[in-house]
Protein chains: 2
Amino acid sequence: MKRLYVLGSGPGSELMITPQVEQAIAASSDLVAYGLYLELLGERTRDKTLHDLPLGEEIERARLALNLAAAGKPTALISSGDIGIFAMATLVFELLERRLSGAETESDDHDWRQVDIQVMPGISAMQAAAASMGAALGHDFCAVSLSDLLTPWETIETRIRAVAAADFVIAFYNPVSRKRRWQLARAKELLLQRRPADTPVILGRNLTRQDERVSVCTLAQLDVEQVDMLTLVLVGSSATRCFQNGDKQWVYTPRGYARKLTPPESVAP
Amino acid sequence: MKRLYVLGSGPGSELMITPQVEQAIAASSDLVAYGLYLELLGERTRDKTLHDLPLGEEIERARLALNLAAAGKPTALISSGDIGIFAMATLVFELLERRLSGAETESDDHDWRQVDIQVMPGISAMQAAAASMGAALGHDFCAVSLSDLLTPWETIETRIRAVAAADFVIAFYNPVSRKRRWQLARAKELLLQRRPADTPVILGRNLTRQDERVSVCTLAQLDVEQVDMLTLVLVGSSATRCFQNGDKQWVYTPRGYARKLTPPESVAP
């Protein structure tokens, strides 16, 4: 059985790697990933052949993983977070479908069609950000990538307008990059047309990693200069609430139970 | 330290429970959850005091968990999937904020304000459904609950119209219940106004559990009678593709790499 594992290793903490992903990494001889993700795996990469392709070489990374697996090496293609969410999994299938249609070719020794592919999800950044501050994803939400490298900006803007008007909680992935900075400012502008200036916004950087930095501001205060490639931006809906208990700040989006809340004497431990 | 763990135990498989959730369960004396979720935890519930409150008693479950923790018992409130996504976590904070504002009271012995709350995410049903069939969440997506018990149907319909028009992949949570069946049929009708009849739809029932059943149909074929409370309905965008490789069917939503695909000879293992 020729095997390709397509794995999400979670936001960073080893305590968020699922056992099935652990087992798949252990069963692989070759790991293909962006270097930072391999570093986060620590000792797990020992005795493995590592294929560290830089950012921007996503297609090459997916092809390499398919080729290695087709050549008989049990291979893991790894992204941090959930590899199924704005990450490498979709590219594997895009390439495989091209191969089946003849648009993509490989040598006879490396027949991708024989590879058994298993995709395993991981905890995505929006989930880690929401959990660390409470429960911002408690009601209807969406995830939008602000990268216009592969998607026309008009499409992205249409989506932001739609979910701003329909009052979704919004997780922005790829909010900025070294070359791309105005998109988040534009998104903020669009949101302010539809949502209160004091809407809570969570900024989660390097979530669950040693240098994690999570903060809350209002939509009006959102400062693009404080956001980098490693930051997840989570914008509340008009219902999202922020409160303080002692020195801890919480952010949550209610589902609306308050409407049916009855006197508290009904249950006691 | 009085401690309340608010835990997502994943879709069902023990191999998808994160180590941090495992540790939190192990550190708890009391587990509060809907009975089915406790069953899925197997041996982990041994030697714990179990508080199995039925569906519909969500507020009582959250209050009980806060009371137990405030009384000094390390307590875990558990939902399957991600407890932060359409589940119990948000209710804990809704109650805590009510307590701080005086709207919710409890006896002096049980001061919720002293409880250290830790929320830990889990793999949500949409992630497991997407992974089992490929990578349907590969580009912009949203999650919408079809339950109109707490949210007016007009709000839900506005949201469906918005994301249908803006071409998001859509994960429907709580698609039906014993009493609620027309909402999914109406959602299908709204989607068909905006999206091709052959848009792929994934139905994932009891994901990663022993009796898992995952299937793909088209939007036009979507049969509400085949959907129950335990089913996650994942509707593709207009870009979502479905293809067959041998006896395996894959569904993925491309990010658009094909546009920049170069000849395959650039990388070989």
With both bridge residues required to lie in segment A:126-257, what share of the DSSP beta bridges run antiparallel, to the nearest 5%? 75
For Cα pairs less than 8 Å apart in space and 6+ apart in sequence, what is the mean separation divided by the residue count of chain B, i.e. the relative contact order in percent? 19
May I ask for the Rg/Rh ratio of segment B:1-146, computed from Cα atoms with Rh as the Kirkwood radius, given to two decimals? 1.00
Counting only residues 5 or more apart in sequence or on a different chain, those whose built amide H sits under 5 Å from that of B:GLY134 are B:VAL251
State, to one decimal in nm and shortest first, how far the label point of B:ASP247 sits from each corresponding label point in the other identical copies (label point: 7 angstrom along Cα-to-Cβ). 6.0
DSSP bridge pairs, the protein assembly as shown: antiparallel proportion in percent, nearest 5: 45
Using θ = phi - 60° and the Karplus form 6.51 cos²θ - 1.76 cosθ + 1.60, what ³J(HN,Hα) does each residue of segment A:148-158 get, whole Hz, x for Gly and Pro? 9, 5, 10, 10, x, 4, 4, 5, 5, 5, 4
Sort B:HIS51, A:HIS139 so the one with the fewest other Cβ atoms within 10 Å of its own Cβ comes first. B:HIS51, A:HIS139
Karplus-derived HN-Hα couplings along segment B:125-134 (A = 6.51, B = -1.76, C = 1.60, θ = phi - 60°), whole Hz, x at Gly and Pro: 4, 5, 5, 5, 5, 4, 4, 5, 10, x
Kindly give the distances from B:THR158 to its copy-mates, label point to label point, with each label point 7 Å from Cα along Cα→Cβ, as nm values to one decimal ordered shortest first. 2.2
Please give, to one decimal in nm, the separation of the simple spin-label points placed at B:GLN210 and B:GLU39, each 7 Å out from Cα toward the Cβ. 1.0
How large is ³J(HN,Hα) for each residue in segment A:247-255, as worked out from phi by the Karplus curve 6.51 cos²θ - 1.76 cosθ + 1.60 (θ = phi - 60°), to whole Hz, x for Gly and Pro? 9, 9, 9, 10, 10, 8, 10, x, 8
Taking a label point 7 Å from Cα toward Cβ, how far is B:GLN226 from its twins in the other copies, in nm, shortest first? 4.8
What fraction of the DSSP beta bridges in segment B:2-123 is antiparallel, stated in percent and rounded to the nearest 5? 5
Estimated 222 nm signal from helices in chain A, with DSSP H stretches of n ≥ 4 weighted -39500 (n - 2.57), rounded to 500: -8000 deg cm²/dmol
Which parts of segment B:183-199 would a label at B:ALA220 reach, counting a residue when its backbone N lies under 17 Å from a point 7 Å out along Cα-to-Cβ? B:188-199
Between B:ASP116, B:ASP198, B:ASP247, find the one with the highest GNM mean-square fluctuation for chain B; connect C-alpha pairs within less than 10 Å. B:ASP247
Going by amide H atoms built from the backbone, whose H comes under 5 Å of the H on A:SER80, apart from near neighbours? A:SER9
Answer check: segment A:126-257, Cα atoms, Kirkwood Rh, Rg/Rh ratio of 0.94
Residues whose placed amide H lies under 5 Å from that of A:ASP116, excluding near-sequence neighbours: A:LYS2, A:ARG3, A:LEU4
Can you give the longest stretch of chain A with no exposed loop site, where a site means trypsin sites (Lys or Arg not before Pro) in a DSSP loop (not H, G, I, E or B) with at most 12 other C-beta atoms within 10 Å? A:47-177
Note down the relative contact order for segment B:2-123 as a percent, whole number, built from C-alpha pairs under 8 angstrom at least six residues apart. 42
Long pairs among B:LYS179/B:LYS248; B:LYS2/B:LYS48; A:LYS2/A:LYS48; B:LYS48/B:LYS179, criterion Cα-Cα beyond 26 Å: B:LYS179/B:LYS248; B:LYS48/B:LYS179
Per the charge dipole of chain A (beta-carbon charges, Lys/Arg positive, Asp/Glu negative, Cα centre), the residue among A:SER80, A:ALA103, A:LEU184 reaching farthest to the positive end is A:LEU184
If contacts are Cα pairs under 8 angstrom and at least 6 residues apart, what is the relative contact order of segment A:126-257 in percent? 32
With a Cα-only, solvent-free Debye model of the protein assembly as shown, what are the log10 I(q)/I(0) values at q = 0.06, 0.08, 0.13 Å⁻¹? -0.27, -0.48, -1.34
Extension gain from A:LEU150 to A:SER177, taking 0.36 nm per residue of separation minus the Cα-Cα distance: 8.3 nm
When only alpha-carbon atoms are used, what values of Rg and Dmax, in angstrom, describe chain B? 20.9, 72
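Rule-based calculations on the coordinates, nothing more; no lab input. Because the structure is a prediction, the values reported are computed rather than measured. FYI the Cβ positions are ideal-geometry reconstructions off the backbone, even for glycines, and counts take in every protein chain you see.
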